[in-house]
Amino acid sequence: MITPMWRGWASMADANSYGRFLPEELSPSMRGNPGFLGAEVLCRQEESETAFVTLTRFEGLNDVWAFAGCRLPLRPGTNS
């Protein structure tokens, strides 16, 4: 299993919309991706903005690459 971590920040005015988008729209839309195992969204309110961390879980690195829309070799210098 591999868990990519995505970070983002939103202004206080946009934080609620962004916070709802991640679990209500993004995570459900990802369920159809091969190898997708789930996601968690963490947030922390700071002085002037809200910080978000999204942890997505995939079965393997090739599943992450497929989700990102690219096909990269598993090992440098190979095609597999």
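The values are calculated or read from the model by the stated rules, or taken from the named source; none is laboratory data. Quantities reported herein were computed from a predicted structural model and do not represent experimental measurements. A quick note on method: Cβ atoms are made from the backbone with ideal geometry, for glycine too, and the neighbour counts reach across all protein chains shown.
Okay, here's what the table says:
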item	result
Restricting segment 1-35 to residues that are surrounded by 10 or more Cβ atoms within 10 Å (Cβ to Cβ) and basic (Lys, Arg), the residue that is nearest to the chain's Cα centre (by Cα)	31
Any hit, segment 36-55, residues being loosely packed, with under 14 Cβ neighbours inside 10 Å, touching a strand residue (DSSP E or B) at 6+ places or on another chain (Cβ under 9 Å), assigned to a loop (DSSP other than H, G, I, E, B) and of a type outside the set (A, V, I, L, M, F, W, C)	yes
Among (1) modelled with pLDDT of 85 or more; (2) surrounded by 10 or more Cβ atoms within 10 Å (Cβ to Cβ); (3) part of a loop (DSSP other than H, G, I, E, B) - the single one residue 73 does not satisfy	(1)
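Yes or no, residue by residue, for (1) in contact (Cβ under 8 Å) with a residue 12 or more places away in the chain; (2) in contact with a Phe, Trp or Tyr (Cβ under 8 Å, 6 or more places away or on another chain); (3) over 22 Å from residue 70 (Cβ atoms):
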| site | (1), (2), (3) |
| --- | --- |
| 13 | no, no, yes |
| 18 | yes, yes, yes |
| 22 | yes, yes, yes |
| 27 | yes, no, no |
| 34 | yes, no, no |
| 41 | yes, yes, yes |
| 47 | no, no, yes |
| 54 | yes, yes, no |
| 58 | yes, yes, no |
